[in-house]
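The values are calculated or read from the model by the stated rules, or taken from the named source; none is laboratory data. The structure presented is a predicted model; accordingly, all values stated were derived computationally and were not measured. Neighbour counts are summed over all protein chains in view; Cβ atoms, including those assigned to glycine, are modelled from backbone coordinates with ideal geometry.
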Amino acid sequence: MWIRSQSKKVLLNVNQVTINNTKDESEYYIHGYSERGIDILGIYSSECKSLMVLDKIESYLEYSHNIVFQMPQDDEVGL
């Protein structure tokens, strides 16, 4: 699946997406894995927001074909 990073600087054909957090849980990183390695796709302020983005990615996988998913900014993810 093609995903464009939150920073808009990376367009990556990922085969795996994961959420990782900092030790103090102040930031949650969504990483994309591809043939070239690991890239940060987006950074979110809560686990809930990062899980909501992962849900959106899953929906794109289920219902869209050959579409690039744009990672939303932190403030665009509603709680």
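Structure notes:
- The number of residues in the stretch 13-67 that are in a strand (DSSP E or B), aromatic (Phe, Trp, Tyr) and under 16 Å from Trp2 (Cβ atoms) comes to 1.
- Annotation note: Cβ proximity below 6 Å between a residue of the stretch 8-20 that is closer than 17 Å to Ser46 by Cβ and in contact (Cβ under 8 Å) with a residue 24 or more places away in the chain and a residue that is of a type outside the set (D, E, K, R) and not in a loop (DSSP other than H, G, I, E, B) (sequence gap 6+ or interchain) occurs for Ile19/Tyr28; Ile19/Ile30; Ile19/Ser50.
- So Met71, is it closer than 20 Å to Trp2 by Cα and in contact (Cβ under 8 Å) with a residue 60 or more places away in the chain: yes
Matching residues to (1) out of contact with any Lys or Arg (no Cβ under 6 Å at 6 or more places or on another chain); (2) at pLDDT 95 or above; (3) among the small types (Gly, Ala, Ser); (4) on the phi < 0 side of the Ramachandran plot:
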| site | (1), (2), (3), (4) |
| --- | --- |
| Asn20 | yes, yes, no, yes |
| Tyr28 | yes, yes, no, yes |
| Arg36 | yes, no, no, yes |
| Ser46 | yes, yes, yes, yes |
| Asp74 | yes, yes, no, yes |
